[in-house]
1. Give me the extension gain from R392 to D336: residue separation times 0.36 nm, minus the current Cα-Cα distance, reported in nm with one decimal.
2. State the extension gain, in nm to one decimal, for the chain segment bounded by S254 and A86, taking 0.36 nm per residue of separation less the distance between their alpha-carbons.
3. Name the residue farthest towards the positive end of the dipole of segment 328-414 from the options T364, G398, L346, assuming +1 on Cβ of Lys and Arg, -1 on Cβ of Asp and Glu, about the Cα centre.
4. Where does the Debye-calculated log10 I(q)/I(0) of segment 1-143 sit at q = 0.08, 0.09 Å⁻¹, using only Cα point scatterers of equal weight, no solvent?
5. Determine Rg/Rh for segment 328-414; Rg is computed over alpha-carbon atoms and Rh is the Kirkwood hydrodynamic estimate from the same atoms.
6. Given the C-alpha centroids of segment 46-84 and segment 291-305, what is the distance between them in whole angstrom?
7. Can you tell me the alpha carbon radius of gyration of segment 53-211 divided by the globular rule-of-thumb value 2.2 N^0.38 Å?
8. Sorting check: for 364-371, 18-25, which peptide has the highest mean count of neighbouring beta carbons within 10 Å, and how do the rest follow?
Amino acid sequence: MTTERPARSSDPSRSALDRLVPSGGAVFAERFWGRAPLLATVEERSGDTFADLFDVAAADELLTHRGLRTPFLRMAKQGTTVPESAFTARGGVGAGIADQVDPDKVRRLFADGTSIVLQALHRTWEPVARFAQDLAAELGHPTQVNSYITPADNRGFEAHYDVHDVFVLQIHGTKHWVIHPPVLDRPQRDEPWNDRAGRVREASSAAPLLDTVLRPGDVLYLPRGFIHSARACGGTSVHLTIGIHPWTGQHVTSALLTATGRRLHDDPRVRTSLPVGIDPGEGEALRPEVERLREVLLDAVRTLDADAVLDTLAEQARDAQRADALPPLAQLDAADTLAPTSRVRLRRHLLVRLEDTDDGTLVTSRIGVVRLEADAAAVLQRLLEGRELTAREAGHGGGISAVADLVRQGLLEVLP
């Protein structure tokens, strides 16, 4: 079995994480990851304001010309979410879908103090998508990106915590942030802040852990659970929030239980019916069966092949992110006109795994499962390290037809 090495930043001289934290990835991982907030100012970050990722013009482009639909946009004012009908409408002849963003409604609401949330920019805005994928590959944890656009002297949401870590990238204007310690240590996905709204309100009224104003180019890292609120200062504020959904020990233990359950499915000790007369409502009567089956379960966990657990986790990782988006028409044309000197590489963020079987090589990736013959599998194997090769080099004397077929299947990318 062979697995690709995760693709790193498209700029090898400066990783995505290095752009965010001037101290470097190693220091961040040791001192801050999942532990403590980190503020990195634009001066500490060498003046980088993320102009290549997003700006006000990009927000206007998305709101005006991209045909956004809910849930790619939501709006909120002073902690209250605005109904979708207040900022959406039908698009007229040939575009009658009712939940399309209406830029005129958005303009009126924003002028009245309502904040805009552009959701899932990792799906709708290419520069952000590439950065988010690079960061996810570097961290090893899935990412998502929203943009929060707040009118002057307003806040969109009340003090709350998130169940994922975040990097806040201030893009335009300034925003006043107030941070308080958690009321729940490292909350999980099923432990949202509104279940503890009273404790959150009480904690947010105490002296803050951090009180700061973010300027364009400033970055704030918050581990999950840290309570935060933010208000735009003198003008419109635009920031990106990169949400990081950390893999935790809970994922591993859940995978252990899932793999164990699969293994026990055909075990006669589990399939056997409980005795006649057993009433689950009478706990003591069932106790001997609980003790017996607990030993069965513990034995199954102790003797479980770790590969079964790793396979479950790998499946979750493939589902958590998409492969790098490729233009289908351009890539099909490139495959049809492939020349020996054309440069190709493995599609980025594909998370591909090769497994030799009696019927060929089974390839599992984020775009599905395919079975390859020996020549195509050999091409893929040469490109697993993320190298760029000519089609002739990738084909290794076996012709370029196998290379072209892999491009058509979406496993390889022809470079410009």
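Each value in this text was obtained by applying a stated rule to the coordinates, not by laboratory testing. Owing to the predicted nature of the structure, the values given are computational and were not obtained by experimental measurement. All Cβ positions, glycine included, derive from the backbone under ideal geometry; neighbour counts span all protein chains shown.
1. Stretched out fully, the R392 to D336 stretch lengthens by 18.7 nm.
2. The S254-A86 span can extend by a further 56.4 nm.
3. The listed residue farthest towards the positive side: L346.
4. -0.32, -0.41
5. Value, to two decimals: 0.93.
6. Spelled out, the Cα-based centre of one part sits 51 Å from the other.
7. 1.14
8. The densest-packed peptide leads the list: 18-25, 364-371.
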